[in-house]
Amino acid sequence: MKQSSLCPKFEKGMQMLGKRWTGLILYQLLEGPQRFCALEGALPVSGRLLSERLKDLEKEGLVHRDVFTDSAPVRVEYSLTQMGLAMEPVLKGIESWAQEWIVLDPKDPADCDRSND
């Protein structure tokens, strides 16, 4: 089997980002800390898969999970760590590329630009 000439760190980074919904979750968290239900409502992903991805992202150091026990029910918020925030230029670059090059089906919403946020 041919050995890859790719940098192992680059390869691992692409594997992390290549998991389904990971990029969209990180992109959504660029808006700031959010509760699970807000993330679930903003993304077309099942609760089970969202929970799995958030655990993966937390394990990799990209997402921080804050548990607030001062209220009933207990409140949980997810936010990007410094490592996760460092993904912003990458995600914004993909957004910019997509705005220029991706052609949507006419039935899809045409305006999805968040660059003014």
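Things to note:
- Cα gyration tensor category, rounded, prolate or oblate, for the chain with a/c compared to 1.5: oblate
- A 1.4 Å probe over all protein chains sorts Asp105, Asp70 by accessible area into Asp70, Asp105, starting with the largest.
- Solvent exposure ordering (accessible area, 1.4 Å, most first) of Thr69, Thr81: Thr69, Thr81
- Amide H within-cut-off set for Arg35, under 5 Å, with H built and near neighbours excluded: Tyr78
- Listed residue pairs exceeding 18 Å between alpha carbons, taken from Lys12/Lys59; Lys55/Lys92; Lys12/Lys92; Lys9/Lys59: Lys55/Lys92; Lys12/Lys92
- Taking θ as phi - 60° and the Karplus parameters 6.51, -1.76 and 1.60, the scalar couplings of segment 77-87 work out to 10, 10, 9, 7, 7, 4, 5, x, 5, 5, 7 Hz in sequence order, x denoting glycine and proline.
- Counting only protein chain heavy atoms and rolling a 1.4 Å probe, the accessible areas of Trp21, Trp97 rank, largest first, as Trp97, Trp21.
- In sequence order, calculated HN-Hα J values of segment 24-29 (Karplus, 6.51, -1.76, 1.60; Hz; x Gly/Pro): 5, 5, 4, 4, 5, 6
The values are calculated or read from the model by the stated rules, or taken from the named source; none is laboratory data. Every value quoted in this text rests on a predicted model; they were computed, and no experiment measured them. Just the protein is used for accessible areas: all its heavy atoms, side chains included, with ligands, DNA and RNA removed. Shrake-Rupley method; radii C 1.70, N 1.55, O 1.52, S 1.80 Å.
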